[in-house]
C-alpha cells in the first residue's frame, strides 16, 4: 500500500503546484469498491469553474497512473461553503 500512497502524494503535489492556495486537496481513502476519495477545500469560486478543479485533478491522476480516471461523485460539506 505504500506505493499507492506515494503516487497519491505525488498527484496531490503536482495539483498543488498549479492550484495552491486556491484549492487544497487531501486524500480521504479508498473504498472497498476501489474508488478513491479526496477532499477539496480552499478559497475557490463556487460558481466559476469549480468542477474544472475536479476534472483537472482526475487528469493529473490519469497521467500518473496511465489509466483513465473520472469524477464519480461530488458531495458538498457545510451547504457548499467548504469541502
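The values are calculated or read from the model by the stated rules, or taken from the named source; none is laboratory data. Just so you know, these numbers come straight off a predicted model, no measurement behind them. When we count neighbours, we look across all protein chains shown, and the Cβ atoms used for this are built from the backbone with ideal geometry, even at glycine.
Miscellaneous remarks
- Only one of the listed residues (68, 10) is in contact with a helix residue (DSSP H, G or I) (Cβ under 7 Å, 6 or more places away or on another chain) and at pLDDT 95 or above. That residue is 10.
- Residues of segment 17-40 satisfying the condition of being under 14 Å from residue 55 (Cα atoms) and in a helix (DSSP H, G or I): 18, 19
- Qualifying residue in segment 40-48 (condition: on the phi > 0 side of the Ramachandran plot, surrounded by 10 or more Cβ atoms within 10 Å (Cβ to Cβ) and at pLDDT below 90): yes
- Flag if residue 12 is surrounded by 14 or more Cβ atoms within 10 Å (Cβ to Cβ) and assigned to a helix (DSSP H, G or I): yes
- Members of segment 28-47 found to be within 16 Å of residue 74 (Cβ to Cβ) and free of Cβ contacts under 8 Å to residues at least 40 places away in the same chain, listed by number: 28, 31, 35, 36, 37, 38, 42, 44, 45, 46, 47
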